[in-house]
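> Please see the structure below; I have some questions.
The values are calculated or read from the model by the stated rules, or taken from the named source; none is laboratory data. Since the model is a prediction, treat every value here as computed from it, not as a measurement. A quick note on method: Cβ atoms are made from the backbone with ideal geometry, for glycine too, and the neighbour counts reach across all protein chains shown. Each accessible area value is taken on the protein alone, full model and side chains, heavy atoms only, with ligands, DNA and RNA left out. Shrake-Rupley method; radii C 1.70, N 1.55, O 1.52, S 1.80 Å.
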Amino acid sequence: MIKKIGVGKAHSKIILIGEHSVVYGYSAIALPLKDIEVVCRVEKADLPTEVDIADPLSTAVFAALEYLERPDENLTITIESSVPEKRGMGSSAAVAIAAIRAVFDYYDSPLSLSVLEMLANQAEIIAHENPSGLDAKTCLSDQAIKFIRNLGFSEITIDLEACLVIADTGIHGHTRQAVQKVRQQEEKALPYLHHLGDLTNVIEVGILAKDLVVIGTSMTQAHQELDKLGVSSPQANHLVNVALKNGALGAKMSGGGLGGCIIALCHNQKEAQSIAQRLEKEGAVNTWIENL
């Protein structure tokens, strides 16, 4: 059966800890942002569906059609997204997941999680060349995800009765350049990366113990290490300082860096709203609050 409109949704994600050190074998923790969504709608079109092999959305739709053995269908795809692009929030993965779900919904076809993840990762290769799969995995999960390169993924239950503020610097992140920048430092980078790896372990213990002070302090220390590696930015540093001066338990850049977002840990919604307002006055182009 073919529906008049197929609809698919997906949420975004953010890295809590582990940027860059994850490339060197340490763990990373990513959080689903369940209230920041992408919605995709698929309808029949008069003209053939255009496929841009450089576009994750096109690639996701084409991959879904190929899997369903309908590669020559004429479709119109509409995206509504509250996830900003190139900010480390999993925009390309969320768009791909929403699009695949919409195509399968349009054809009223069952879609298993394993097939969805496989097709989404095909599209992510277009966006990121050699993706770890962490973005897709976290955008598909309601739980935090721990990732260790060559070992895989595991879920972490987070129940901290706290809030996380996400603030957008307004500047595109540049993950590829940031990774290259760290690599070029060779042995000089190793102490910073090792400390970042240790801090990820400390935060994981803090999550289990529900110790907000340990988590917040470790987040701020992680930001300092990332800044020493040269992957932060003046705008991110400024917003981190604003968050800390206004009562955040900890704050750091999130994602590949050289732009993107910062995150700040707060006790509760009231504190989070106050800090979010301050961040917007100090240059953040948008803020979100996620309950932890």
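> Please list SER112, SER92, SER12 in order of solvent-accessible area, largest first, computed with a 1.4 Å probe with all protein chains present.
The most accessible residue leads, giving SER112, SER92, SER12.
> Could you name the aspartates and glutamates whose alpha carbon sits less than 15 Å from that of LYS188, not counting residues in the same chain fewer than 8 places away?
GLU225, ASP227
> In terms of solvent-accessible area of protein heavy atoms at a 1.4 angstrom probe, what is the ranking of MET219, MET118, highest value first?
Per-residue accessible area, sorted high to low, gives MET118, MET219.
> Another one. When Lys and Arg each count +1 and Asp and Glu each count -1, what net charge do the other residues less than 14 Å away from ILE262, Cβ to Cβ, add up to?
Computed value for this residue: -2.
> I'd like to compare 39-45, 186-192: which one has the highest average count of other Cβ atoms within 10 Å, and what's the full order after that?
Going by the mean number of other Cβ atoms within 10 Å, highest first, we get 39-45, 186-192.
> Further question: Any chance you could give the angle, 0 to 90 degrees and rounded to 10, that helix 175-184 forms with the longest Cα principal axis of the chain?
Between the helix axis and the principal axis of the chain, the angle is about 50 degrees.
> Measure nothing fancy, just the Cα-based angle from helix 190-209's long axis to the longest principal axis of the chain, in degrees from 0 to 90, nearest 10.
Tilt of helix 190-209: around 80 degrees.
> Grab the beta carbon distance between GLU69 and ARG149, set R0 = 35 Å, and tell me the FRET efficiency rounded to 0.05.
Working from the Cβ atoms, E equals 0.50.
> Any chance you could give the angle, 0 to 90 degrees and rounded to 10, that helix 212-228 forms with the longest Cα principal axis of the chain?
80
> If you look at just the Cα atoms of segment 70-154, how large are its Rg and its Dmax in Å?
13.6, 41
> If the cut-off is 27 Å between C-alpha atoms, which lysines fall inside it for LYS270, apart from same-chain ones fewer than 8 positions away?
Straight-distance partners of LYS270: LYS13, LYS34, LYS210, LYS245, LYS252, LYS281.
> What are the lysines whose alpha-carbon lies under 22 Å from the alpha-carbon of LYS44, with same-chain residues fewer than 8 places away excluded?
LYS3, LYS4, LYS9
> If one puts a single equal scatterer on every Cα of segment 227-292 and applies the Debye formula without solvent, what log₁₀ I(q)/I(0) results at q = 0.16, 0.17, 0.27 Å⁻¹?
Values, matching the q order: -0.47, -0.52, -1.23.
> I've got another one for you. Among [x] 19.4; [y] 22.3; [z] 20.9, find the value of Kirkwood radius over Cα pairs in Å that was calculated from the structure presented, and write down its label.
[x]
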